[in-house]
Amino acid sequence: MTPVLLPEALVRLFPGAPRRVELPDAATVAAAIAALDARWPGMRDRLCDGTPAIRRHINVFVAGERARLDTTLPPGAEMIVMTAVSGG
Amino acid sequence: MPGRILLLLGTKKGAFILEGDAATRGDWSLRGPFCDAWPVMHAVGDAADGTIWAGGGNEWFGPAVWRSTDRGTRWTHSSAGLSYGEGEPPIRAVWSLARAADGALWAGVEPAGLFRSIDGGMSWHHVEGLRAHPSRPHWVPGGGGLILHSLVPHPTDSRQLWVGISTAGVFHTADGGATWQPRNSGTRCDFLPEDQRYPEYGQCVHCLVMAPGMPERLYQQNHCGMYRSDDGGRSWTSIEDGLPSSFGFPAAVHPRDPETLFLLPLNGDTLGRHVPDAKAAVWRTRDRGRGWQAMRHGLPQRDAYFGVLRQAMATDPLTPAGVYFGTGSGAVFASADEGETWRCIAEHLPAISSVETLVVPG
């Protein structure tokens, strides 16, 4: 399983979505986000733009390192999604 | 006339609703912030069924259109299809929303482009014809970005739509968006060398509106002047004589009288962009721009350094017509008598991007 930690500001947009999610093993960050989108339709659009890429002010960490959509997820590795410093 | 009037406010930190009794327009109550306090550029409502949509964009989560079918209590959001596709620039925000005659919903976005929804804003399709226009490589961002901010659907012919893009100008389609024609003849570009000031496109239109009952009559507040067209935008005539400035953002038409227009000129593009002489006034014409009258009664007449953005002034359909505007400093002013007298009905809100009205049954 792939444990995923989602930011509070994201789960507020999807009623019922928890901060911590366990996904079936996903090969890449993109696959994990696709699995999230399957459970909560529209979540991929909140995390990724149409380029496609992770949005500029969203940070994804895998095993403590900044990740991209094509970053590999080792079995059991935690994926942490965070909102970057932004706003005004 | 039905019982409740809602002022739909788009702000930098969410949508808000000011609600009052349509019979009196005297007491107003505030609800919000909605849309999870995202920046909301434009909120609109459909008087037929009470649906409210709010378009905006969040630095973290991108663009979306929010939707409420219960007058703002519960909201859902979607950006399904709001993309130019792989390899194309990401869409930052939804800037404008409008309902077409056939019930479809139009959305203008940044960077400038047009989307259409036929399921009430649940999903969107890119109207590719606009960005395929040969002028597209020459569109340049204005101070607010490269934005499609004005959507003016024809009231009965859903194939016709006028759009305003900063900075590209006014464009019109008569075939549902497949092909587009620039409609800028007579509007000037003071920011270009003197011999290039009337190009085919590239004007900095700030706000485009249509006169009631006269689809061929358009008014626009431009970065460089105020204009009227009586031929659907094929040619424009300056109507700025008598106004204190050639610069401003919003324009609002009367709900029934095509001769009446409300503007809120600012002091100038390089002078701070606040109300002239720090005294607020809405300027009204009753004769399609031939003459202007400053409407000041009840508005701040000293130390007023606010501006009003392009979508932040609106009229209501009541009699006499109400006029409303929201400021960059978070205040809302209202007139229930076509601009004759004013009062502040809300303050201390976030910077206001848009004001629209919605009258619904009580």
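The calculated FRET efficiency for B:Cys344 paired with B:Ala48, based on their beta-carbon distance and R0 = 30 Å, is about 0.45.
Counting only protein heavy atoms and using a 1.4 Å probe, the accessible area of B:Thr51 comes to about 10 Å².
Shown for the stretch B:1-130: the carbon plus sulfur share of the solvent-accessible area, taken with all protein chains present and a 1.4 angstrom probe, equals 51%.
The calculated FRET efficiency for A:Thr28 paired with B:Arg74, based on their beta-carbon distance and R0 = 56 Å, is about 0.95.
If you sort the three axes of the alpha carbon gyration tensor as a ≥ b ≥ c, you get a/c under 1.5 for chain B, which makes it rounded.
Where a ≥ b ≥ c are the square roots of the eigenvalues of the C-alpha gyration tensor, would you call the stretch B:92-153 rounded, which needs a/c under 1.5, or, failing that, prolate if a/b is larger than b/c, or oblate?
Numbers: a/c = 2.13, a/b = 1.67, b/c = 1.27.
Prolate shape, in that a/c is at least 1.5 and a/b is the bigger ratio.
Rounded if a/c is under 1.5, else prolate if a/b beats b/c, else oblate: with a ≥ b ≥ c from the C-alpha gyration tensor eigenvalues square-rooted, which is the protein assembly as shown?
Numbers: a/c = 1.97, a/b = 1.57, b/c = 1.26.
Prolate, since a/c reaches 1.5 and a/b exceeds b/c.
Which value at 222 nm does chain B reach when only helices count, each DSSP H run of 4 or more adding -39,500 (n - 2.57), with the total divided by all residues and rounded to the nearest 500 deg cm²/dmol? Before the final figure, lay out each step's value.
Details: 1 runs with 4 residues, N = 362.
Only helices count here, giving 0 deg cm²/dmol.
Here chain B is assigned +1 on the Cβ of each Lys and Arg and -1 on the Cβ of each Asp and Glu. Its dipole about the Cα centre then comes out at about 320 debye. Name the residues of the stretch A:8-31 whose accessible area, probed at 1.4 Å, falls by at least 20 Å² once all protein chains are in place instead of their chain on its own? Listed by number, the residues meeting the 20 Å² cut-off are A:Ala9, A:Arg12, A:Leu13. For the set B:His206, B:His126, B:His138, solvent exposure ranked by accessible area (probe 1.4 Å, protein chains only) runs largest to smallest as B:His138, B:His126, B:His206. In this simple spin-label approximation, B:Arg290 and B:Arg31 carry label points 7 Å from Cα along the Cα→Cβ vector, and these lie 4.5 nm apart. Would any residue of the stretch B:75-97 have its amide N under 15 Å from a label point 7 Å out along Cα→Cβ of A:Asp70? List them or say none. Answer for the stretch B:75-97: B:87.
I'd like to check one number: the per residue accessible area of the protein assembly as shown, probe 1.4 Å, reported in Å² as a whole number. Mind dumping the intermediate values first?
Details: 17930 Å² over 450 residues.
Solvent-accessible surface per residue comes out at 40 Å².
Using 0.36 nm per residue and subtracting the Cα-Cα separation, the extra length available between B:Gln181 and B:Asp231 on full extension is 16.6 nm. Residues of the stretch B:56-78 losing 40 Å² or more of accessible area relative to the isolated chain, 1.4 Å probe, heavy atoms only? When all protein chains are present, B:Glu59, B:Trp60, B:Phe61, B:His77 each give up 40 Å² or more of accessible surface. A crude spin-label estimate for the pair B:Asp195 and B:Glu216, with each label 7 Å from Cα along the Cβ direction, gives 3.6 nm. Quick check: Cα centre of the stretch B:142-186 to Cα centre of the stretch B:238-314, how many Å? If you average the Cα positions of each part, the centres end up 23 Å apart.
Annotation for the stretch A:1-50 versus the stretch B:68-90: alpha-carbon center distance of 17 Å. Considering the dipole of the stretch B:102-255 built from charges on the beta carbon (Lys and Arg +1, Asp and Glu -1) around the Cα centre, which of B:Ser235, B:Gln221, B:Tyr201 is farthest to its positive end? The residue sitting most towards the positive pole is B:Tyr201. Here the protein assembly as shown carries DSSP beta bridges of which approximately 95% are antiparallel, counting only pairs with both residues inside.
Can you give the accessible area buried between chains A and B, summed over both chains, with a 1.4 Å probe, in Å² to the nearest 100?
1600
Quick one: if the Förster radius is 51 Å, what FRET efficiency do A:Ile80 and B:Thr156 give, using the C-beta to C-beta distance and rounding to 0.05? It would help to have the intermediate numbers written out before the result.
Values: r = 54 Å, r/R0 = 1.05.
After rounding to 0.05, the efficiency reads 0.45.
Filter the trypsin sites (Lys or Arg not before Pro) in the stretch A:31-75 to those in DSSP coil with at most 16 other Cβ atoms within 10 Å of their Cβ, and list the result. Those satisfying the criteria are A:Arg56, A:Arg68. Taken about its Cα centre, the stretch B:104-192 carries a charge dipole of about 160 debye when Lys and Arg each add +1 at the Cβ and Asp and Glu each add -1 at the Cβ. For the stretch B:189-228, with all protein chains in place and a probe radius of 1.4 Å, 51% of the accessible heavy-atom surface sits on carbon or sulfur. At a threshold of 30 Å², the residues of the stretch A:44-59 that become less accessible to a 1.4 Å probe in the full protein assembly than in their chain on its own are A:Asp45, A:Arg46, A:Gly50, A:Thr51, A:Arg55, A:His57.
Our summary gives chain B a relative contact order of 13 percent, counting only alpha carbon pairs under 8 angstrom and 6 or more residues apart.
For the protein assembly as shown, give the magnitude of the charge dipole about the Cα centre (Cβ charges: +1 Lys/Arg, -1 Asp/Glu; no others), in debye to the nearest 20. The partial results should precede the final answer.
Working: 41 positive and 46 negative charges, 96 e Å.
Here the size comes out at about 460 debye.
The values are calculated or read from the model by the stated rules, or taken from the named source; none is laboratory data. Just so it is clear, the structure is predicted and the values come from calculations on it, not from any experiment. Because the Cβ atoms are built from the backbone with ideal geometry, glycine has one as well, and the counts that use them run over all protein chains shown. Please note that ligands, DNA and RNA were not included when accessible areas were found on the heavy atoms of the full protein model with its side chains. Shrake-Rupley method; radii C 1.70, N 1.55, O 1.52, S 1.80 Å.
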